Structures are given as C-alpha cells and as structure tokens.
Amino acid sequence: AGIEGPAFAANDVNLAALAEHRHGAGRGARDLLCVATGHRGVGGALVLDGRLHTGSSGLALEVGHLAVNPEGRPCHCGSRGCLDVETDPLAFLTAARREPGPEVSLLQQSYDLIREHYTDPAVRTATETLIDRLGLGLAGLVNILNPDRIVLGGLHRALLDADPERLRAVVAGRSLWGQSGGVPILPCGLDHNSLVGAAELAWQPVLDDPLGVPA
C-alpha cells in the first residue's frame, strides 16, 4: 500500500484480550484471562499488568490443548479430549446431534441452535456437556494463573449466557481460588475486539516512548 514503517502481528485471541483489557469487559483487571472459540478450535490469552504474556517464544496460553476428556476426540496435537476439540462449534453440533450445513459458519449454526432451540433436550444436553468441559479447563487455568477476571468469547460466550450459574459452579467447585471467593467470569464486551486489539498493538510504541516515535 506504499506505507512505510514497522509491521505488527499477533494471535487473534491475544489481540482480543488486549482490547478487552483496555476497553471492554476486562477494564480494571490486573490479571485478565481470556478464552474464546471461533469457527474451529479454542484460544487463550493472559494480560498481566496491562501487557500480554506471550511466553519465551510467543506460544504461551495454548489453552486449546488442555485435556478435559481423557476418552474424548483425537486432537490434531496428538493428544485426546483437548478443549480444542471438546468445546468448539463442531463439538457442540456433534453433541447436539446436528449435521453441520454449508450455508453459514459452524459458529453461527451453534449460536442459532442455542438461541432458537435451547428447549430441545439434545441442544440443552449438548450445552451442559460443553459447559462442564469448559468449566473443567477454566478451573485448571485458575489454579495455575490465579487471574482476577475471566472473559469468554465466541461460542464460550454463548455457553456462559445460556447457563451462567452452571459454568461458575463448575469453575468454583474445581478450583482452589474459586472455592475461596470466586473469579468473575464475564462475556467479552466488544464486538470486534481482535481488530481493536490490532490497533492497540500498533499504537503501543507511542505509549512506550511518546517522544521517541516521531524521531
């Protein structure tokens, strides 16, 4: 495009977490955990004191590969029963005994099922099954990371909206910190948080050194 200057790249859930921490449901949190699923798979991110925690090589918080069902589906990582394949839209549609169609995305199909057919016993059971598996994974993360807030996006947000008390009860019952007082679990607050996070990432050098950037 003829634009000179540095380029930035980041994982979409990392960007979503950054945006939520600065402008959305994570504002005011010191240690924010973000977990989300899009059309396939599950991602996670952690913001510590306003900064993304990316690990030694940028691969921190690959929460999709936490095992939550030892007898579950094979995962592309080589393990079985990971969040990636147990709590994403394809897993939900399969649990609800629905054949995925080509008309709209798997994520949209999952949204539509929960919104329009939640009274269907198969859909309700599938929702509860995924909530329990997601809660188990979140509880493990709470035990390790001790965040002061969790925000959920994508299908996970819809699961939280469908039965918030069930999800919070699973996390509280399975985590030490949850039992001692509970960790707030909230839906993401921004519609396009990954795009907002991308802008924040590009803007960060100005925040770090306002006088040095023009030079």
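Quick grid of which residues meet (1) among the small types (Gly, Ala, Ser); (2) farther than 22 Å from Ile185 by Cα; (3) touching a Lys or Arg at 6+ places or on another chain (Cβ under 9 Å); (4) open to solvent by less than 60 Å² (accessible area, probe 1.4 Å):
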site	(1), (2), (3), (4)
Cys77	no, yes, no, no
Gly101	yes, yes, no, yes
Val123	no, yes, yes, yes
Leu145	no, no, no, yes
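Yes or no, residue by residue, for (1) modelled with pLDDT under 90; (2) open to solvent by less than 40 Å² (accessible area, probe 1.4 Å); (3) closer than 26 Å to Asp12 by Cβ; (4) of a type in the set (Asp, Glu):
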| site | (1), (2), (3), (4) |
| --- | --- |
| Asp148 | no, no, yes, yes |
| Leu152 | no, yes, yes, no |
| Leu159 | no, yes, yes, no |
| Ser180 | yes, no, no, no |
| Ile185 | no, yes, yes, no |
| Gly212 | yes, yes, no, no |
- prompt: Does the stretch 68-92 hold any residues that are in contact with a Ser or Thr (Cβ under 6 Å, 6 or more places away or on another chain) and more than 22 Å from Asn14 (Cβ to Cβ), and which are they?
  reply: Phe92
field: helices (runs of 4 or more DSSP H) lying entirely in the stretch 11-101 (those with 3 or more residues that are touching a residue at least 60 places away in the same chain (Cβ under 8 Å) and of a type outside the set (D, E, K, R))
entry: 12-23
His53 vs. criteria modelled with pLDDT of 85 or more, under 22 Å from His192 (Cα atoms), surrounded by fewer than 21 Cβ atoms within 10 Å (Cβ to Cβ) and in contact with a strand residue (DSSP E or B) (Cβ under 6 Å, 6 or more places away or on another chain): yes
statement: For the stretch 116-128, pairs from a residue that is on the phi < 0 side of the Ramachandran plot and aliphatic (A, V, I, L, M) to a residue that is part of a loop (DSSP other than H, G, I, E, B) and open to solvent by 10 Å² or more (accessible area, probe 1.4 Å), with Cβ under 7 Å and 6 or more apart or across chains, are Ala122/Arg97; Val123/His117
- request: Return yes or no: is Leu33 modelled with pLDDT of 95 or more, under 15 Å from Asp148 (Cβ atoms) and either under 10 Å from the mean Cα position of the chain (by Cα) or open to solvent by 10 Å² or more (accessible area, probe 1.4 Å) (or both)?
  value: yes
Single residue of Leu59, Leu48, Leu107 found to be open to solvent by 70 Å² or more (accessible area, probe 1.4 Å) and either in contact with a helix residue (DSSP H, G or I) (Cβ under 8 Å, 6 or more places away or on another chain) or hydrophobic (A, V, I, L, M, F, W, C) (or both): Leu59
task: Return the only residue of Leu136, Leu93 being of a type in the set (A, V, I, L, M, F, W, C), open to solvent by 40 Å² or more (accessible area, probe 1.4 Å) and under 20 Å from the mean Cα position of the chain (by Cα).
output: Leu136
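The values are calculated or read from the model by the stated rules, or taken from the named source; none is laboratory data. All of these numbers come straight from a predicted model, not from anything done at the bench. Quick reminder, even Gly has a Cβ in these numbers, built from the backbone with ideal geometry, and neighbours come from all protein chains shown. The area values use the complete protein model at the heavy-atom level, side chains included, leaving out ligands, DNA and RNA. Shrake-Rupley method; radii C 1.70, N 1.55, O 1.52, S 1.80 Å.
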